[in-house]
Amino acid sequence: QVQLVESGGGLVQAGDSLRLSCAASGRTFSSMGWFRQAPGKEREFVATISWSVSRTYYADSVKGRFTISKDNAKNTMSLQMNSLKPEDTAVYYCAAQLYGITTKHVGAYDYWGQGTQVTVSS
């Protein structure tokens, strides 16, 4: 049974940093990524990493501030978020893609975590 479990969310002030982690169990994947959803908005892509060659992609809104990484041995993925802004406030979801090229499209991901709340106050 595949499980994705996120951790590390919380309440911080603008300019602070936060690190999210996602522990995957059950199998390995072609790619894993982070998405977020703010109240009243659609779920949007944040970052993704390919499991074999560690190729990374970022949304323009987080490029230069967020860093995605993985630990193959532990089957975990992390998102280091620096210089956080109030507009980063959302529920952050870990997602895993079974097959195919690394992509930012929500529909391509097969498994999802339960989400972790990140709130950035101004």
Fill in the blank from the handout: With all protein chains in place and a 1.4 Å probe, residue 69 shows an accessible area in Å² (nearest 10) of 40 Å²
Practice task
Filter the trypsin sites (Lys or Arg not before Pro) in region 1-107 down to the DSSP loop ones having no more than 12 other Cβ atoms within 10 Å, then list what survives.
Solution key: 27, 41, 55, 63, 74
Handout entry: Those lysines that a straight Cα-Cα span of less than 25 Å connects to residue 41, excepting residues fewer than 8 apart in one chain
Key = 63, 85, 104
Completion exercise
Checking region 4-67 for GluC sites (Glu not before Pro) in a loop per DSSP with at most 13 other beta-carbon atoms within 10 Å yields 42
Fill in the blank from the handout: 1/(1 + (r/R0)^6) with r = Cβ-Cβ of residue 59 and residue 16, R0 = 22 Å, i.e. FRET efficiency to nearest 0.05, evaluates to 0.65
Exercise for the section: Mind listing the long-range amide H neighbours of residue 51? Cut-off is under 5 Å, sequence gap 5 or more, other chains count too, H placed in the peptide plane at 1.01 Å from N. Expected result: 31, 32
Problem - Theoretical FRET efficiency, 1/(1+(r/R0)^6), r = Cβ-Cβ of residue 43 and residue 121, R0 30 Å, to 0.05 - result: 0.85
Exercise for the section: Give me the aspartates and glutamates in straight-line cross-link reach of residue 74: C-alpha distance below 19 Å, same-chain residues under 8 apart excluded. Expected result: 6
Completion exercise
Per the rule of 0.36 nm per residue minus the C-alpha distance, extending residue 1 to residue 72 adds in nm 23.7 nm
Handout entry: Rounded percent of accessible protein surface that carbon and sulfur make up, the chain, 1.4 Å probe
Key = 48 percent
Fill in the blank from the handout: Over all viewing directions the Cα convex hull of the chain casts an average projected area in nm² of 6.9 nm²
Exercise for the section: With a probe of 1.4 Å, find how much accessible area the chain has per residue, and write the answer as a whole number in Å². Expected result: 51 Å²
Handout entry: Distant-in-sequence amide H partners of residue 84 (H built 1.01 Å from N, under 5 Å)
Key = 15, 16
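The values are calculated or read from the model by the stated rules, or taken from the named source; none is laboratory data. These figures come from a predicted structure and were not determined experimentally. Every residue, glycine as well, gets a Cβ built from its backbone with ideal geometry; the counts of neighbours run over all protein chains shown. We work out accessible area using only protein heavy atoms, side chains counted, and drop any ligands, DNA or RNA first. Shrake-Rupley method; radii C 1.70, N 1.55, O 1.52, S 1.80 Å.
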